[in-house]
Amino acid sequence: MQPFSFGDVFGNPEDIQTLEEGQYLGDVAVSFYFEYLSQELEKKSVNKIAFIQPSVSFLIQNCSVEEAVLILSPLNLKDKEIILCPINNNTNLLQANGGSHWFEI
């Protein structure tokens, strides 16, 4: 299987394997689904929901409040009614795609 892309999300065959039973859901699978939902809502002119990508979520968990504000400001979150932000239990800053459990807040 070849690498794939959808919108702004790029993935590899290993990312597809995270969808198999018994596997931990990976960042790319969450990103792919958020991108899909975002595009579907955009078609319907619904712009009151913000989808924070897993990579951005991981970044803001590991930076200062001031940096988080700068990172998130382009998303205009104050104008949103719903903000979906996936959080996982990865505590290793050197390991992207780490962790074993996702939370949706």
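Could you give the longest part of the chain that holds none of the trypsin sites (Lys or Arg not before Pro) found in DSSP loops with at most 11 neighbouring Cβ atoms within 10 Å? It would help to have the intermediate numbers written out before the result.
Details: sites that count: Lys44, Lys48.
Here the longest run is 49-105.
What percentage of the solvent-accessible surface of the chain, computed with a 1.4 Å probe over protein heavy atoms, is contributed by carbon and sulfur atoms? Working shown, then result.
Details: 4170 of 7470 Å².
Solvent-exposed carbon and sulfur of the chain make up 56 percent of the total.
With every protein chain kept in place and ligands, DNA and RNA left out, what is the accessible area per residue of the chain? Probe 1.4 Å, answer in Å².
Values: 7470 Å² over 105 residues.
Accessible area per residue, the chain: 71 Å².
Measuring from label point to label point, each 7 Å out along Cα→Cβ, what is the Gln95 to Asn47 span in nm?
4.0 nm
Can you tell me the relative contact order of the stretch 31-93? Whole percent, Cα pairs under 8 Å, sequence separation 6 or more.
On the way: 44 pairs, mean separation 27.5, N = 63.
It rounds to 44 percent for the stretch 31-93.
So in the chain, what percent of DSSP beta bridges are antiparallel if you round to the nearest 5? Walk me through the numbers before you get to the answer.
On the way: 6 of 9 bridges.
Expressed as a percentage, antiparallel bridges in the chain total about 65.
Give the residue from Pro74, Ile52, Val9 lying farthest towards the positive end of the charge dipole for the stretch 1-81; charges sit on Cβ (+1 for Lys and Arg, -1 for Asp and Glu) and the dipole is referred to the Cα centre.
About the Cα centre, the residue reaching furthest to the positive side is Pro74.
List the aspartates and glutamates whose Cα lies under 15 Å from the Cα of Lys80, skipping any in the same chain that are fewer than 8 positions away.
Glu42
Any idea how far apart Lys78 and Asn12 come out in nm if each label point goes 7 Å out from Cα toward Cβ?
For Lys78 paired with Asn12, the spin-label model returns 4.1 nm.
The values are calculated or read from the model by the stated rules, or taken from the named source; none is laboratory data. Here the structure is a predicted model, which means the values were calculated and not measured. No Cβ is skipped: glycine too gets one built from the backbone with ideal geometry, and neighbour counts run over all protein chains shown. Side chains are part of the model used for accessible areas, which takes the heavy atoms of the whole protein and leaves out ligands, DNA and RNA. Shrake-Rupley method; radii C 1.70, N 1.55, O 1.52, S 1.80 Å.
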